[in-house]
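Structure first, commentary second.
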Amino acid sequence: MAQKSRTEIRRGVRSRIRKKVRGSAERPRLGFYRSRNHIYAKVIDDESGKTIVTASTVEKDLAGTSGGNVEAATRVGKAIAERAMAAGISTVVFDRGGYVFHGRVKALIEASRAGGLNQGEAKAASAE
């Protein structure tokens, strides 16, 4: 039996998730990718197939001493929230893309919520 590489397994997980998670014009999808050295986030309208706003640690204003840590993910989360709010987007569908909700992924999502995205969702989750 042939063994699958980590990349092949991740590709399968992402495709299964993408069948369920869709973004629309009213509530676009916040997707992200994390590499060893950087983290990238973008807000996407899947119906029209367009990226609305992006933020990443590759940008000069978001680059710190390291782009692959929790602090950098927090900077990117705040920046994507500010840019989305400026574009008139206040609610998004979080697409964690198969990543575990921990570390940099958790920092990015929590920073985007603190920046103003999905305010009603955060209050409803904390009430339970």
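The values are calculated or read from the model by the stated rules, or taken from the named source; none is laboratory data. Since we're looking at a predicted model, the values are computed, not measured. Note: ideal-geometry Cβ built from the backbone for every residue, glycine included; neighbour counts use all protein chains shown. Please note that ligands, DNA and RNA were not included when accessible areas were found on the heavy atoms of the full protein model with its side chains. Shrake-Rupley method; radii C 1.70, N 1.55, O 1.52, S 1.80 Å.
Given the options Gly64, Gly49, Gly97, state which has the largest fluctuation in a GNM of the chain using a 10 Å cut-off (strictly under) for Cα springs. Ranking Gly64, Gly49, Gly97 by mean-square fluctuation puts Gly49 first.
Counting only Cβ charges, +1 for Lys and Arg and -1 for Asp and Glu, the dipole size of the chain around its Cα centre is about 640 debye. Carbon-plus-sulfur accessible fraction, the chain (probe radius 1.4 Å, protein heavy atoms only): 51%. Taken per residue, the accessible surface of the chain reaches 62 Å², heavy atoms only and a 1.4 Å probe. Of the residues Ala63, Gln119, Ile9, the one whose Cα sits farthest toward the positive end of the charge dipole of the chain, with +1 on the Cβ of Lys and Arg and -1 on the Cβ of Asp and Glu, is Ile9. In the stretch 19-108, Cα pairs under 8 Å separated by at least six residues give a relative contact order of 31 percent. Relative protection proxy for 21-31, 85-95, 3-13, from highest mean packing down: 21-31, 85-95, 3-13 (other beta-carbon atoms within 10 angstrom). Across the options His102, Gly77, Ala87, the greatest Cα extent toward the positive end of the charge dipole of the stretch 73-115 (unit charges at beta carbon of Lys, Arg, Asp, Glu) belongs to His102.
For the listed residue pairs Lys19/Lys42; Lys19/Lys50; Lys20/Lys42; Lys19/Lys78; Lys78/Lys106, the alpha carbons are over 21 angstrom apart in Lys19/Lys78. Between Ala79, Ala114, Ala41, the residue with the greatest mean-square fluctuation in the GNM of the chain (Cα pairs under 10 Å linked by springs) is Ala114. Residues Glu59, Glu47 ordered from highest to lowest accessible area at a 1.4 Å probe: Glu47, Glu59. Shown in residue order for the stretch 27-33 are the 3J(HN,Hα) couplings computed by the Karplus curve 6.51 cos²θ - 1.76 cosθ + 1.60 at θ = phi - 60°: 9, x, 9, 9, x, 8, 9 Hz (x for Gly and Pro).
Centre-to-centre separation between the Cα atoms of the stretch 13-32 and those of the stretch 57-104: 16 Å. Modelled label positions at Ala63 and Ser35, each set 7 Å beyond Cα in the direction of Cβ, lie 1.3 nm from each other.
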